[in-house]
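Structure first, commentary second.
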Amino acid sequence: MGLLTDHVAAPVNALLGNMVHAAAGQAFLEWTRYRDAGELHRQLVVPEEASDRRTFDATMQCAARIAITHSISQGAAERIVDTAVALRDRLPKVAECLRDGKLAPRYVRVIVERTDLVLDREDQQVVDTEIAAALRRRGSWSPSRIRDMVDRSVYRVDPDAVRARRKAAVDARGFWTEPLADGMARVEATSTAEKAIQISRRVDALARAVCDKDGRTLAARKSDAHFCLVMGVAWECQCGSDDCDAPTIDDAAPAPRTMPGTGSSMTLHVICDLETVAGDGETPCFLDGYGVISPAHLDELLTEPGVTIAPIGHSDDPLAPHTPGNPYRPSTALDTVVRARSLYCDVAGCERPAWVCDIDHVREYDHDNPCAGGQTCPGNTGSKCRLHHNLKTHTDFLDDQTIGRDGRITSVIITPEGLTVAGPAFDGTDLFPALKDIRFTAPQNAPTAPGPAEEPAPTRRRPRLADKHARRQTEREHNCRTRETEEQARASDPANDELPPF
C-alpha cells in the first residue's frame, strides 16, 4: 500500500506521504465496510423487502446486526445500510472512487444525501458518472466544494430533484431548544440560507463591540449578543473598567441604526447569469457564504428591497485590472471576477467564503520596481482568507497558479519542505464558464524606481524578504517546468491520468 516500513527518523515529506497513503487505506477499508453492508442487505433484506410489513422488518434487523457488532446506535447503523445500498445501486462509480482512495469517507454521506431525489435510473447513471469524473481530478476537496459540485451535477441532470429537496427543506424549518448538563441549554433553528447569514453577521458585529479587556471568549460573547438581540436587552462590555471606551448599546436608543449588528446594512453577494436574472435561464446560481442555489431561490432574493444588479464583463470592451494611477490595487471588476472565480479561499481545504477573503498577488508585487513582476492581473491574483494570506506572507509556505489551455486557473501550495499540494479541483468556472471569457487590459506598470542613494553597504547581500521572493520564484519556475513536462507526457499518452507529479 506504499506505507513506510520504518517511520523513525524518516524525512518530513516521506512521513506526510505515508499519512496520505494511510488515508487512502482508510478509504479502502470504508469501501470494504460499505461493500459488505451492501451484501448483508442483499442477503437479508432484498428477498423480503417487497412484502415485509413487520415493525421490526428485515432492514431494521440487518442494521441491528451492524449496530451490535460495531457498538454504535441503531440510527448510525441504518445510515450505514442506507449509504451502502446507495453506493451499490445508485452510485457504483462513486463507490469505486472511495475504493481507490479518491474520495474521503467523510464526504460519502454528503454525496448520498444530495443525490437521493434523483429517481430516474438513467439520470442516476449520469450523475454518478459526472461526480466520479470530478472526484478523479487532480486537486483537493473541501465539504463546501463537494456539496457545490454535487448540486451542480444534480441540477443539470434533474432540476426537479433540487426543487423538491429545497421545498421540503423550507417547509421543515423550525426552532427548538435542547437542555444540556450543568444548567445549560442549546438553542437551534433552521432557516433559509440568506436569513442565517444575516443573523450570523449581526450577532458577530455586536459581539465584537467590546474593548480588549473583556474577559469573555468570542464564542461566549456571540451567545450573549444573540440573547441581547432577541430580547432587546442593552449590550455592555464586561471588562469592569471605569475608563472603558466601548459604548453601551441600548435597544431603546434614539438612533438604532448606529448600533453594531442591529441597524447596519449588509450585503449578500449572489453570482448568476443575466439570463437567469431575467427569468430566461435555468443555470444554478451561487450565494456567497452558502453555496449553490436554484433560479427559483434567486427569484425570491430579487424581491427583497435594496437589491442591486451589477453586470460584469457583459460588454466587448476589456476591463481595467487595477484602479487608475495605482497598479497595485485591483479594480472593482477584477476584485469581483477573482472572488466569483474562487468561490472560497484558494488554499486546499479552506472554506472561508470569497467575499470575506483578501485579494492576494500570487507572485508578490514589487512596490519598488513594478516592472519586475507580480502584476495586478487575473492570472496573478487569487482569493485567500486572512489566515492563509498571512501564512504565505510570514512563513516559508509558497503558492503558485497557472492558466491552462482551457482558461482554467490551477493553483498549488508548496510546503516549506517542497511538497506540492494541488489547490481546489472545483471553482466558479465550473458553475459559470463565461468567467473565463472576461477580458482585461494589460496592467500599466509604474516607471522603474530610481537606484539606491549612496550609503554604506548593508550587512546582508539583499533583504531577507528579497531572498524569500527569489526562492519563491525559483520554486515557481520549477513548478512550471514540471507542469510542462507533465503536459508533454499527457500529450504522448492521453489515456494515462496517473502521471507525475503525484
What's the FRET efficiency of R208 with S241 using the Cβ-Cβ distance as r and R₀ = 25 Å, to the nearest 0.05?
0.90
Which of S241, I199, L218 sits closest to the plus end of the dipole of segment 179-258, meaning its Cα is farthest towards the positive end, when Lys and Arg get +1 and Asp and Glu get -1 on the C-beta?
I199
For segment 308-447: Kirkwood Rh in Å [reciprocal of mean 1/r, alpha carbons]
15.5
Which order, highest average first, do 338-346, 303-311 follow once you tally other Cβ atoms within 10 Å for each residue and take the mean per peptide?
338-346, 303-311
In nm, to one decimal, how far is the modelled label at V126 from the one at D493, with both set 7 Å along Cα→Cβ?
3.4
Ranking request for peptides 5-14, 139-148: highest mean number of other beta-carbon atoms within 10 Å first, then the rest in descending order.
139-148, 5-14
Give a residue-ordered list of calculated ³J(HN,Hα) values for segment 195-210 (Karplus: 6.51 cos²θ - 1.76 cosθ + 1.60, θ = phi - 60°; whole Hz; x for Gly, Pro).
5, 4, 5, 5, 4, 4, 5, 5, 4, 5, 5, 5, 5, 8, 7, 9
Across the chain, how many lysine pairs, 8 or more positions apart or on different chains, have C-alpha atoms separated by under 19 Å? Please give the number.
6
What are the ³J(HN,Hα) values, in whole Hz, obtained from phi via the Karplus relation 6.51 cos²θ - 1.76 cosθ + 1.60 with θ = phi - 60°, for each residue of segment 168-183 in sequence order, with x given for Gly and Pro?
5, 5, 5, 5, 8, 4, x, 9, 7, 10, 9, x, 10, 6, 6, x
Report the gain in length on full extension from E486 to I309: 0.36 nm times residue separation, minus Cα-Cα distance, nm rounded to one decimal.
59.5 nm
Mark the label point 7 Å from the Cα of D358 along Cα→Cβ and return the residues of segment 396-432 whose backbone N is within less than 15 Å of it.
396-399
Given the Cα-Cα distance of H269 and M231 and 0.36 nm per residue of separation, how much length would full extension add, in nm?
10.8 nm
S51 paired with D100, simple spin-label distance in nm, labels 7 Å along Cα-to-beta-carbon:
4.2
Per-peptide average of other Cβ atoms within 10 Å, ordering 86-99, 18-31 highest first
86-99, 18-31
If you take the alpha carbon radius of gyration of segment 63-159 and divide it by 2.2 N^0.38 Å, what ratio comes out, to two decimals?
1.10
F397 and L218 label points (each 7 Å along its Cα→Cβ direction) are spaced in nm at 1.6
Summed residue charge, Cβ within 13 Å of Q61's Cβ, Lys/Arg positive, Asp/Glu negative:
-3
Sorted from largest to smallest, which semi-axis lengths in Å does the alpha carbon gyration tensor of segment 179-258 give for its equivalent ellipsoid, taking the root of 5 times each eigenvalue?
23, 18, 12
Find out how many positive minus negative residues lie around H314, taking Lys and Arg as positive, Asp and Glu as negative, among other residues whose Cβ is under 14 Å from that of H314.
-4
Where the only charges are on Cβ atoms (+1 Lys, Arg; -1 Asp, Glu), what is the dipole of the chain about its Cα centre, to the nearest 20 debye?
780
First obtain the Kirkwood hydrodynamic radius of the chain from its Cα pairs, then insert it into the Stokes-Einstein equation at 4 °C and 1.567 mPa s, and state the resulting D in µm² per second as a whole number.
48
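Here, each number is a calculation from the coordinates, and none is a lab measurement. Just so it is clear, the model here is predicted, and its values are computed rather than measured. Cβ sites come from the backbone with ideal geometry, for glycine too, and all protein chains shown count toward neighbours.
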